[in-house]
Amino acid sequence: MSKTWNEETQKYEHTPSFVLEFRLLTSNSDEQELEKCFGIAGHINNVMVKEAKRRLGNMFRDKEYKDIMKSYFRTGKFKKGDKKKLMTLRSIYGLTEYSFHKYVDAKQLYPAYIDCDTRQKEATKVWNAVKKVLYSNGQNIHLKKLKNKNSVEGKTNRTGIRYRDGTIFWHGLIMPVRVRKNDWYAKQALNDCEIKYCRIVRRWHKHTYRYYVQLVMEGTPPVKRKRQMIFDRAMKEDTPVGIDIGPSTIAIVSKDHVSLDELASDVTSIEKEVRHLNRLIDKETRLANPDNYNSDGTWKKNNKNRTHNKSHSQIKKEQKRKWLYQKRKNKLRYSHQVLANEIISTFGTDIRIENMNWEALRKKAKKTEKSDKTGKYKRRKRFGKSIQNHAPSMLITLLKQKLGYIHKPLMVIDTYKTKASQFNHITGEYKPVKLNERWKEIAPDIFVQRDLYSAFLLMNCDTTETIDIESCFDNFDSFKKEHDACIRELMMQKQYTKLPSCMGLEASCAKDFIL
């Protein structure tokens, strides 16, 4: 979804949109100009971040603002008229999107390279970060490294970055777009839909950047004939589907199918290669900058003569590491695209999924604790590496996107209200379970895999906050039958492939299924 200007109502309206991506056929001079433009766009972003932090600091120091927020934190509610006062304060201190646009236009930073629309879009990105600080759980706004700036975009297809007849025009740059002859999907989309705006992105490839244009199109994308038949069949059946997604696995349950798989199992790990490259890079960094380290190899603090030299071989190794990360990202996205299509076509379109805070799971534990048995410090790490390698949030985003094309919502279940991992529909009780316990005994001699059972409970949710117990009893027999078949298949598969330990296939309960 993105905003478009409606001339009749004179307002911005949210309309459905999709993206067409094409490779830009750039020359060496074009790439040099684009690299300069990306660096300037990153500089504009940082200028706006500094200005936004200044304005936020001024408002946070305001006495009236302090009094309002002190009352709110004490009672949990705003007094009558406080919200209007806050809106007035935000406008006084220039914390609005319009004031950000006005500031960046008045600065006129590098007008020979960056047009007005692109500058305003950079200001909008900073404003979105400010909104998280003002209205959500955001704590700070951060500057960005210029080398990490990988996209610039306009506001319309009439000015700034423009697409015309297979060519991109931007500030004197004329770059052809590669549209394949047999790509009827792209040609049909270009004929049937209007272009809202264009975005130029760059991705690292081996030793250089490759540039692409993303055309943000208005409407829904054309659907291939086979996929349309599959989607139509899934919508007719419209059976509820429960998905319990973890950092590295996904459990899917419907009335006829049960599945427990590893996320992106076809994507090979790059950890060993990256670890080896990191050691070599650190070694060469120390050789090139000996004055930055003490004789025992530790980092010198408060060193005014610090150097940042890099050898040619070190730069090559850093580029190789960057290419490994980019390849993994591309493969992850493709794998999740295939899985999202499979879920919708095989299981159904009425999908229920728990609301997970992946950012909190990624962070390390705050407390440092000692083990009672060994006396050693426990590791503070949690699920950061698993989330990085399997990208569960990307799959949820793709599911929302694909369901939006067929006008079906993704039902997000409240984790704290339902407590699917603790609930037992037979006894009606909530019992906390340790993380390493992957099986639940819901009745005498009736064991179920924890993730599959959670997905089963999510499938039987009648609202986002409650589980329909009657529906659980009606569907449990068929679920148990499919559950046992799924575990047997996984136990057979485990003999010749390595499966994640979090599936719980090493437990004695699982071994009983192959007898």
Revision key, fill the gap. Scanning the range 298-340 residue by residue, those part of a helix (DSSP H, G or I) and more than 26 Å from Lys385 (Cα to Cα) turn out to be His312, Ser313
Study note, to complete from the structure: Of the residues in the range 317-331, those that are out of contact with any strand residue (DSSP E or B) (no Cβ under 9 Å at 6 or more places or on another chain) and either polar (S, T, N, Q) or open to solvent by less than 30 Å² (accessible area, probe 1.4 Å) (or both) come to Leu324, Arg328
Point to revise | Arg306, sole failed condition from (1) in contact (Cβ under 8 Å) with a residue 60 or more places away in the chain; (2) open to solvent by 80 Å² or more (accessible area, probe 1.4 Å) | key: (1)
Review point. With respect to the numbered conditions (1) closer than 30 Å to Ser454 by Cβ; (2) without any contact (Cβ under 8 Å) to a residue 40 or more places away in the chain; (3) open to solvent by less than 40 Å² (accessible area, probe 1.4 Å), which one is the sole condition not fulfilled by Ala288?
Key: (1)
Revision key, fill the gap. Log entry, pairs with first residue in the range 169-194 being of a type in the set (A, V, I, L, M), second being at pLDDT 90 or above and open to solvent by 60 Å² or more (accessible area, probe 1.4 Å), beta carbons closer than 7 Å, six or more apart or on different chains, reads Leu173/Glu33; Met175/Leu25
Study note, to complete from the structure: Of the listed residues (Cys472, Cys502), the one being assigned to a helix (DSSP H, G or I) and under 28 Å from Phe383 (Cα atoms) is Cys502
Practice item. Inspect the range 270-283 for any residue being touching a strand residue (DSSP E or B) at 6+ places or on another chain (Cβ under 8 Å), touching a residue at least 40 places away in the same chain (Cβ under 8 Å) and surrounded by 12 or more Cβ atoms within 10 Å (Cβ to Cβ) and give the result as yes or no. Key: no
**Study point:** Qualifying positions in the range 343-379 - touching a residue at least 24 places away in the same chain (Cβ under 8 Å), closer than 23 Å to Leu435 by Cβ and not in a strand (DSSP E or B)
**Key:** Asn355, Met356, Trp358, Leu361, Arg362
Point to revise | Answer residue from the range 332-367, given it is of a type in the set (Ser, Thr, Tyr) and open to solvent by less than 90 Å² (accessible area, probe 1.4 Å) and is modelled with the highest pLDDT among those | key: Ser335
**Study point:** Subset of the range 414-445 (residues that are assigned to a strand (DSSP E or B), open to solvent by 40 Å² or more (accessible area, probe 1.4 Å) and touching a Lys or Arg at 6+ places or on another chain (Cβ under 8 Å))
**Key:** Tyr430
Point to revise | Residues within the range 252-269 that are in contact with a strand residue (DSSP E or B) (Cβ under 8 Å, 6 or more places away or on another chain) and assigned to a loop (DSSP other than H, G, I, E, B), tallied | key: 3
Review point. Just wondering, is there one or more residues in the range 384-396 that are farther than 22 Å from Asn355 by Cβ, open to solvent by 30 Å² or more (accessible area, probe 1.4 Å) and among the basic types (Lys, Arg)?
Key: yes
Revision key, fill the gap. Looking across the range 464-508 at residues that are within 33 Å of the chain's Cα centre (by Cα) and charged (D, E, K, R), the single one that is most open to solvent (accessible area, probe 1.4 Å) is Lys498
Exercise for review: Filter the range 145-203 down to the residues that are modelled with pLDDT of 90 or more and among the aromatic types (Phe, Trp, Tyr), then identify the one that is surrounded by the fewest Cβ atoms within 10 Å (Cβ to Cβ).
Suggested key: Phe169
Check your understanding: Looking only at the range 204-221, which residues are crowded, with 18+ Cβ neighbours inside 10 Å and outside any strand (DSSP E or B)?
Key -> Pro221
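The values are calculated or read from the model by the stated rules, or taken from the named source; none is laboratory data. What you see is a predicted model; the values in this text were computed from it and never measured. Glycine also receives a Cβ, built like all others from the backbone with ideal geometry; neighbour counts cover every protein chain displayed. Keep in mind that these areas ignore ligands, DNA and RNA; they rest on the heavy atoms of the full protein, side chains included. Shrake-Rupley method; radii C 1.70, N 1.55, O 1.52, S 1.80 Å.
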